[in-house]
Every structure is written in structure tokens, then in C-alpha cells.
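Trainee: The following block contains the structure, expressed as C-alpha cells.
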Amino acid sequence: MSRHLYKYRHGIGVALLLAALLNGFLRFDGSWQRFFIMVLVQLWFGQAVYNYARGARVAIAPGGMSKDADPKWRAALAGFALFLYGGVFFLSF
């Protein structure tokens, strides 16, 4: 699957970045701390999805999987990161 995503890797990265920023702007209530926490948490998980799409190391927190790891586990980790990325849209910080 990563092979099919590879040609769209930069589009995926830009879409994840823009969605995180848009979410931060739409939910901005005057608290810059809340804004930056929301955006940074989404970028933290979004970079894992982007790195999976480009075939690099998929990392969440201090752990992760190298590009030579089992593709199924890499896909599972990227899917989990995407789930958490999407979950931030619905959290109220």
C-alpha cells in the first residue's frame, strides 16, 4: 500500500498540515496555548502518516518502526497515528 501512496506523499503531507492549521484556526478561542497544543499534537501524529506514505521511519513518541520493519506493522502504526490525528478534531482541550 505504501507503494501506491508514494506518488501522493507530498499531497498527503500538505493536506495533513493544512487540516491541522484549519482545525486550530476554526477552534481558536483566544488562547494561543490551546491553539499550539492542538496544532502540534496533530502534526505529531500527522508526521507519522506522512513518513509512512514516503517510505521513511514511522515514529510516534520515542518509539517507531524503521523503513525495513514488517510492512503490516508499519501500516498498523500509521493507521493508529491517523486515528489519533483524526481524534484531535473532536477533543476539547
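The values are calculated or read from the model by the stated rules, or taken from the named source; none is laboratory data. For clarity, every value in this text was computed on a predicted model and none was experimentally measured. Methodologically, a virtual Cβ is constructed for each residue, glycine included, from the backbone with ideal geometry; neighbour enumeration extends over all protein chains shown.
Trainee: Just for the range 1-23: of the residues that are among the charged types (D, E, K, R) and part of a helix (DSSP H, G or I), which one is nearest to G86 (Cα to Cα)? Give the derivation first.
Mentor: Restricting attention to the range 1-23, the residues satisfying the condition of being among the charged types (D, E, K, R) are 3, 7, 9.
Among the residues that remain, those that are also part of a helix (DSSP H, G or I) are: 3, 9.
Working: R3: 23, R9: 18 Å.
For the range 1-23, the residue satisfying everything is R9.
Trainee: Somewhere in the range 24-32, is a residue in contact (Cβ under 8 Å) with a residue 12 or more places away in the chain and either of a type in the set (V, I, T) or assigned to a loop (DSSP other than H, G, I, E, B) (or both)? Spell out the reasoning first.
Mentor: First, pick out the residues of the range 24-32 that are in contact (Cβ under 8 Å) with a residue 12 or more places away in the chain: 24.
Narrowing further to those that are either of a type in the set (V, I, T) or assigned to a loop (DSSP other than H, G, I, E, B) (or both): none.
No, the range 24-32 contains no residue that is in contact (Cβ under 8 Å) with a residue 12 or more places away in the chain and either of a type in the set (V, I, T) or assigned to a loop (DSSP other than H, G, I, E, B) (or both).
Trainee: I've got another one for you. Could you tell me which of the residues A19, A69, A76 is surrounded by 15 or more Cβ atoms within 10 Å (Cβ to Cβ), aliphatic (A, V, I, L, M) and modelled with pLDDT of 90 or more? Please lay out each step first, then the result.
Mentor: Details: A69 fails: surrounded by 15 or more Cβ atoms within 10 Å (Cβ to Cβ); A76 fails: surrounded by 15 or more Cβ atoms within 10 Å (Cβ to Cβ).
Being surrounded by 15 or more Cβ atoms within 10 Å (Cβ to Cβ), aliphatic (A, V, I, L, M) and modelled with pLDDT of 90 or more holds for just one of A19, A69, A76, which is A19.
Trainee: Separate question: Does G55 satisfy being touching a residue at least 12 places away in the same chain (Cβ under 8 Å), more than 14 Å from L17 (Cβ to Cβ), in a loop (DSSP other than H, G, I, E, B) and touching a helix residue (DSSP H, G or I) at 6+ places or on another chain (Cβ under 8 Å)?
Mentor: Values: touching a residue at least 12 places away in the same chain (Cβ under 8 Å): yes; more than 14 Å from L17 (Cβ to Cβ): yes; in a loop (DSSP other than H, G, I, E, B): yes; touching a helix residue (DSSP H, G or I) at 6+ places or on another chain (Cβ under 8 Å): yes.
It is true that G55 is touching a residue at least 12 places away in the same chain (Cβ under 8 Å), more than 14 Å from L17 (Cβ to Cβ), in a loop (DSSP other than H, G, I, E, B) and touching a helix residue (DSSP H, G or I) at 6+ places or on another chain (Cβ under 8 Å).
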